[in-house]
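Trainee: Could you have a look at this structure, given as structure tokens, before my questions?
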Amino acid sequence: SAVVDVAAVDLGASSGRVMVGRVGPGRVALTEAHRFPNVPVRVGGTLHWDILRLWQGVVAGLRAAGPVTSVGVDSWAVDYGLLDATGALLGNPVHYRDARTDGVAERVEEHLGRERLYATTGLQRLPFNTLYQLVAAAGTPQLATADRLLLIPDLITYWLTGRLGAEVTNASTTQLYDLRRRAWATDLMAEAGVPAGLLPPLHPPGTRIGPVRPDLGLPGTPEVVAVGSHDTASAVVGVPAAGERFAYVSCGTWSLVGVELDAPVLTEASRRANFTNEAGVDGTVRYLRNVMGLWLLQESVRTWGDVDLPALLRQAAEQPAFRSVVDPDDPVFLPPGDMPARIADACRRVGEPVPDTPAATVRCVLDSLALAHRRAVRQAQELSGRSVDVVHVVGGGARNELLCQLTADACGLPVVAGPVEATALGNILVQARAAGAVGGDLAALRGLLRATQRLVRYEPRGDQAAWRAAQERMGGGGCASRC
Ligand code: LFR
């Protein structure tokens, strides 16, 4: 098999990028063709994604990438664009952090039954699941006129190729997907008032979608191939684990913390702990929990304005440990806005010392995130019966040395950090396999990453008793504020 060049379009909450991967036997090299900011826009009281600006970044990136065999698109989950019968976009996609879904999940659960919802979809309750967004939008002219709903990567794929479809890993985050039947949950949709036919036909990662439209004038007219279009699904492909006894933290704006399984866990304990069963590449199950993640730090930095983040992280490392801990998963942290003030309020509420400098706030965030990682890693093992002896940290957070070390210490397990670009790597490996440049299962793809990517190992330090005590302060339940 030959070496191929493929392009990964990876849209994240704060930036988008187009990466080119050169892949062949024993070989994986990644270069960045283009990176562009993703800046949400509030208009008429609603928070939107600036989707046309993102599209422009995608096209510019694919031009910069040069000739490639194929293109794969991934992004964050749950959000969507609506198309009319002619294929025109109806309005700007709404951001999952918008307040339109406030209180909706509770109403829908009452109507449809929370046990039944979990049994069918296996999904955790996040306020912004697509189902809740659609219920929030019920009765709007936009939804009434809509012919099709496309999740964000499927929308970009549609604009690239003219082909309509829904890739399953991302479809599984809608709460409209039946994980065991591997089909849209049509009964549930009918009862929730979601029009049948709104959701397009499903296809798995690896599916060849079609060539890019010639009028885009892209070099070499590549083919679009479906990848794990949910960024977290691609990131999990990009976890360089050996064997199955591993947990992962896909650490960026969110920390997605869990294990990879062959079958979903749909027990009552799992539902109560708000663990999710999302569809992974190759029929795997991503059994995980959303932890609020580096959003707490990113949004603090945005509030402070002009700060020197590397210096702040160095100062945070010198702060006393566990002075203040908060539960990162408290829903008060979800919307955009003054994060340091919300952290201070949360400390006040539970009687923790209020951090009085940016460095103290950063330390509070990182200690609290490490504790939340610990809680989720322990729960994932307990609830699934899968035990682990290593925690892989992938994504931008793998660069944060303090967070990686604290996560190792908190979990009492070694952390293997990297690759930072796990999502783009998972995206390109699935394309390279579809092109026949590499073969094998996920284990083989991961072996290729271990052989080619720079990884950093952190051994756990200190004593578990201190973390246990801090965990008590934060709340050990894992769903304290959500269920
Ligand atoms: C991470 C992610 C999470 C999803 C959240 C919202 O980028 O895709 O997996 O829960 O964004 O879509």
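Trainee: How large is the dipole of the chain about the Cα centre if only Lys and Arg carry +1 and Asp and Glu carry -1, each at its Cβ, rounded to the nearest 20 debye?
Mentor: With Lys and Arg at +1 and Asp and Glu at -1, about 540 debye.
Trainee: If each residue's Cβ is checked for other Cβ atoms within 10 Å, how do Trp55, Trp295 rank with the fewest at the top?
Mentor: Trp55, Trp295
Trainee: Sticking with this one: State which stretch of the chain is the longest one without any exposed trypsin sites (Lys or Arg not before Pro), exposure meaning a DSSP loop state and at most 13 other Cβ atoms within 10 Å.
Mentor: Between exposed loop sites, the widest span is 246-453.
Trainee: Relative contact order for the chain using alpha-carbon pairs under 8 Å, separation at least 6, rounded to a whole percent?
Mentor: That works out to 17 percent.
Trainee: Could I ask something else about it? Name the shape class, rounded, prolate or oblate, that the alpha-carbon gyration tensor gives for the stretch 111-163, where a ≥ b ≥ c are the square roots of its eigenvalues, rounded holds for a/c under 1.5, and otherwise prolate holds if a/b is larger than b/c and oblate otherwise.
Mentor: Oblate, since a/c reaches 1.5 and b/c is not below a/b.
Trainee: On to the next question. Considering the alpha-carbon set of the stretch 311-431 alone, what are its Rg and its Dmax in angstrom?
Mentor: 15.9, 51
Trainee: May I pose another question? Can you list the residues, at least 5 places off or on another chain, whose amide H is less than 5 Å from the amide H of Val71, using H built in the peptide plane?
Mentor: Here Ala7, Glu223, Val224, Val225 satisfy the definition.
Trainee: How big, in percent, is the set of alpha carbon pairs in the stretch 387-483 lying more than 19 Å apart?
Mentor: Of the Cα pairs, 55 percent sit more than 19 Å apart.
Trainee: Using the scaling law 2.2 N^0.38 Å as the reference, what is the normalised Cα Rg of the stretch 1-67?
Mentor: Compared with the compact-globule rule of thumb, the stretch 1-67 sits at 1.38.
Trainee: Mind jotting down the three principal axis lengths of the stretch 1-145 based on Cα atoms? Whole angstrom, largest first.
Mentor: 54, 36, 29 Å, listed from the longest principal axis down.
Trainee: Please list log₁₀ I(q)/I(0) at q = 0.08, 0.09 Å⁻¹ for the chain, using the Debye equation with identical point scatterers on the alpha-carbon positions.
Mentor: Ignoring solvent entirely, the Cα scatterers give -0.44, -0.57.
Trainee: For n ≥ 4 DSSP H runs only, could you compute -39500 (n - 2.57) per run for the chain, divide by its residues and tell me the 222 nm figure to the nearest 500?
Mentor: Result for the chain, helices only: -11000 deg cm²/dmol.
Trainee: Calculate, in whole percent, how much of the Cα-Cα pair population of the stretch 160-301 lies beyond 27 Å.
Mentor: 33 percent
Trainee: What are the residues whose amide H is under 5 Å from the amide H of Tyr177, where those residues sit 5 or more places off or on another chain and H is modelled from the backbone?
Mentor: It is Ala185, by chain and number.
Coordinate-derived values only; no laboratory data. All values reported here derive from a predicted model rather than from experimental measurement. So basically every Cβ, Gly included, is an ideal-geometry build from the backbone, and we count neighbours across all protein chains shown.
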